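Please treat every number below as a calculation from the coordinates, not as lab data. Computed from a prediction, not measured in an experiment: that's the story for all the values here. Please note: Cβ atoms are built from the backbone with ideal geometry, for glycine as well, and neighbour counts cover all protein chains shown.
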Amino acid sequence: MTHPVPLTIGLSTAAGNAFTPGEWRDLLARIDGAADAVTLTDGFAADGPQGPDAIILANWLGGQTRQVSIIAGVAVNFTEPFHISTAIATLDYVTGGRAGLLVQPSGPELAKRALDAISHPGGYPQTEAGDLAEDLADAVAAIRLLWDSWQDDAVIRDVERHRFLDPDRLHHVNFRGRHFSISGPSITPRPPQGQPVGAIALSGPGDPARGADIAFLPLGLGAAGNLPVHGDLTLGFAGEAEAPGLWRGEPGRLAAYLAGLHRPGLSGWRLSPEDPRRDLPLLLAELPALRAAGLIAEPGRGTLRARLGLSPAPNRFAA
Amino acid sequence: MSKKQIILGAQFPGVNNFTVWSHPEAGSQIAFESFRHLAKTLERGRFDFMFLAEGLRLREQKGRIYELDVAGRPNTLAILSALAGVTDGLGFINTLSSTFNEPYVLARQLASFDHLSGGRVGWNVVTSPGAFTGANFRRGDFLPHAERYDRARAFVDAARHLWAHPGRDFDLPGIGRGHFGLPENHVYRPVIAQAGDSDGGRDFAASHADVIYSRHGTLEEGQAFYRDVKARVIRHGRPASALKILPGAHVILGDTEEEARHNLRQIRLAQVSPRAAIALLEQTWNRDLSAYDPDGPLPEVEPDLGVGQLSLGRTRLHDDVLDTVRKWRTLAEDEGLSIRELAIRVTARKHFVGTPESVAATLDDYVQQDACDGFVFAPHYTPGGFDRFVDQVVPILQDRGVFRRDYTEGTLRGNLCLPDPLARAA
């Protein structure tokens, strides 16, 4: 017996390089109300088309959506954690609690291109895998600390004493990592979700989650740790293929394939159309069948955390 | 001869004491609805652009986070791109640091904004104080103060190179090399704005910027600044019209002149509360003055000229502190001003005060007499602080034939009647 779970649709800014703004708007309008969330994987420092910056795209789309959550991808190793933190917090304000951060790890090759593109400044990791992994965990930790650096009740608007805020409810985070340190507090008050959802795509169950709340993982490779796992599948409605993380087949056959992979304890699905222009409309047409089979839930309302079954995030600085 | 058209921009109320958070109609400084309200209001008024300032670290005074003013604002690029998604004709000028961003990263973000918004993005290029702000960034305090404009210039040059070559590889010494993989089906032409008033700042604007933001309030000061900056533009081989001069200003309206003056007084009292008056003086004195009575005379103690800074995260207002304090003492003695009344006087910014008719006439005069090309206004509170200007002053400017009734260009560069920078780069 299966239980229906939230659906996320995966899109990439690089693959969408040829999309006009109007096409991006139409894509999101179709997904809005059909899926719980969309991830926008960023094409930072890609060798070819990179597409628009995912944080800019996410916010530009954010105010135009009503219901769908937007999880913006960032190459966290090569972007300032302070800017990431305030930008995702802002997306959370823009969408009223429907924001997430897709933590994109960088391998040595991408790291080399990224460092070349920004001319090897100080404060960034080197191209060695272990160093990149440690820096990624540092950056996510710093981003999360900054989200908590304003207590929810920091703004007091005390007209009598002329105090807008209570500085005792704001906190220097004083984060010290391997390559950088951050004093804080954030310039942006704590976002509506407190902690916007951190997501990470893993290639195998042994990969560390680096402080994320949920993991997208190809099924059929074994069980991951104790993180909520969303089955991660790239799909195309052309040709035939079945491998962990990839399915190609005819319209009408997706539900049966997913039912075979579905298992108790699965927290969601991320389905990424291989060629969005061709495959997204076909995928959307499959959704009623997926719902009828009890595989995916009706898109919910409310915050992304709530829809994904994550508990409200306590503030680590609040007493 | 046809009249000069007025350029109008407005900023979301900032994190300083000019924003009256205690105003009975003041709403959230962070809710998206507050930002959307201002953007929609400005678009209804056919404004050229909305402007947002940025500070990358919260201000501190006497070792504590400054508590008297509004604080807490969104990420600049993120909120303005969200607003671009819900508007059609309004431009958006982002204040962004050339110190704590990297050229490839920021050029890509601005290009993305320009693409998605259909050419409605501007970048107000600022430099950031090193050690204090750097403590929030990977690179830390990496840039010597004297080199801040060199980096800004190289940064803008690099960004313009990348924008002119989407989908191509780049190799720019000191900037980086790689691929700028933005869609090739768009012409990237973000507007560059600059706000520095120093000699270096004016020259940077004259050589690189499309817009310069100034603080020269009177007609005569404005005209002198206008002549100086336009001459510099020509010396850099550009037409004088290639740089638009836009002073920051406030507008206070009333049904009568007297009512407007009364409103100004009430707003100044709210901006300079007794505690704010002491805090403002402390920023110049560089000393704890909390023992002084804001309604009493100026402190007899002299300013502390030591290296320690009592107030962090602000631009220093006066080059010569002792001279400033001497002048303030004379002013206070001559006119019998208390600490608070002196603070109200010496921290005043340019206000256009009057009825909608008289304010519209004065604004028009400033532009026609070449004190400026337009204005960037700051409302006193959010979100409704600019409704009345749009409802009552804009129609008069339109009737005078000096302000558009509708958007015709669709881009910020077009709104501002700026030449195409690619023609120059080619």
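Annotations for the structure displayed:
- Karplus-derived HN-Hα couplings along the stretch A:63-79 (A = 6.51, B = -1.76, C = 1.60, θ = phi - 60°), whole Hz, x at Gly and Pro: x, 9, 9, 10, 9, 6, 7, 10, 10, 8, x, 9, 6, 4, 5, 10, 10
- Rg followed by Dmax, in Å, when the stretch B:297-395 is reduced to its Cα trace: 18.7, 53
- Dipole of chain A, positive direction: furthest Cα of A:L219, A:I187, A:G294, with charges on the beta-carbon: A:G294
- Other protein chain Cβ atoms within 10 Å, averaged over every residue that makes up B:169-180: 4
- Expressed as a fraction of 2.2 N^0.38 Å, the value expected for a compact globular protein of N residues, the C-alpha radius of gyration of the stretch A:91-209 is 1.30.
- Positive-end ranking of B:Y188, B:L363, B:V233 along the dipole of chain B, with charges on Cβ about the Cα centre, is headed by B:Y188.
- Between the stretch B:171-222 and the stretch A:70-103, the alpha-carbon center distance in angstrom: 27
- Debye intensity ratio in log₁₀ form over the Cα atoms of the stretch B:39-123, taken at each q of 0.13, 0.20, 0.22, 0.23 Å⁻¹: -0.49, -0.92, -1.03, -1.09
- Legend: mean number of C-beta atoms from other chains within 10 angstrom of residue C-beta atoms, peptide B:137-147, equals 4.
- Using the alpha-carbon positions of the protein assembly as shown, Rg (one decimal) and Dmax (whole number) come out as 26.7, 90 Å.
- Convex hull volume of the Cα atoms of the stretch A:262-311, normalised per residue: 101 Å³.
- Among the lysines of the protein assembly as shown, pairs at least eight places apart or on separate chains and with Cα atoms under 27 Å apart come to 14.
- Normalised convex hull volume, the stretch B:164-305, alpha-carbon set, Å³ per residue: 257
- Binning the alpha carbon pair distances of chain A at 20 angstrom intervals from zero yields the distribution 32, 57, 11, 0, expressed in whole percent.
- Counting every C-alpha pair in the stretch B:1-157, the share spaced more than 24 angstrom apart comes to 42%.
- C-alpha long axis of helix B:274-285 to longest principal axis of chain B, angle in °: 70
- Longest to shortest principal axis, alpha-carbon extents of the stretch A:216-300, angstrom: 36, 27, 20
- For the stretch B:259-264, 3J(HN,Hα) computed residue by residue from phi via the Karplus equation (6.51, -1.76, 1.60; θ = phi - 60°) reads 5, 5, 5, 4, 4, 4 Hz, glycine and proline entered as x.
- Note that the stretch A:174-319 shows a convex hull volume over its alpha carbon atoms of 168 Å³ per residue.
- Prolate/oblate/rounded call for the stretch A:176-220, Cα gyration tensor, a/c under 1.5 rounded: oblate
- Rounded tilt (10° steps) of B:199-208 against the dominant C-alpha axis of chain B: 30
- Rounded to two decimals, the Cα-based Rg/Rh of the stretch B:75-158, with Kirkwood Rh, is 1.02.
- Bins of 10 Å, starting at 0 and running to the largest distance - Cα pair percent for chain B: 4, 20, 31, 28, 13, 3, 0
- Taking the alpha carbon gyration tensor of the stretch A:48-107, multiplying each eigenvalue by 5 and rooting it gives semi-axes of 20, 13, 9 Å, largest first.
- All C-alpha pair distances within the stretch B:193-276, sorted into 10 Å bins from zero, spread as 17, 36, 21, 20, 7, 0 percent across the bins.
- Extending 7 Å from the Cα toward the beta-carbon at both A:A293 and B:F142 defines two label points whose distance is 5.0 nm.
- When the alpha carbon gyration tensor of the stretch A:1-75 is reduced to an equivalent ellipsoid, the three semi-axes, largest first, read 22, 15, 10 Å.
- Order of B:T362, B:T218 under a 10 Å beta carbon neighbour criterion, fewest first: B:T218, B:T362
- Crossing angle, helix B:148-164 versus chain B [Cα axis fit, 0-90 degrees, rounded to tens]: 30
- Selection of trypsin sites (Lys or Arg not before Pro), the stretch A:124-183, meeting DSSP coil and at most 13 other Cβ within 10 Å: A:R161, A:R178
- Sorted by Cβ neighbour density within 10 Å, fewest at the top, the residues B:K244, B:K3: B:K3, B:K244
- Kirkwood hydrodynamic radius computed over the stretch B:361-418 comes to 13.0 Å, based on all pairs of distinct alpha carbons.
- Size descriptor for the stretch B:1-75, Kirkwood hydrodynamic radius: 14.5 Å (Cα pairs only, one decimal).
- Gyration tensor (alpha-carbon) shape descriptor, the stretch B:246-316, a/c threshold 1.5: oblate
- For the stretch B:70-84, backbone phi angles converted through the Karplus equation (6.51, -1.76, 1.60; θ = phi - 60°) give residue-by-residue couplings of 4, 9, x, 9, x, 5, 4, 4, 5, 5, 6, 5, 4, 5, 4 Hz, Gly and Pro being listed as x.
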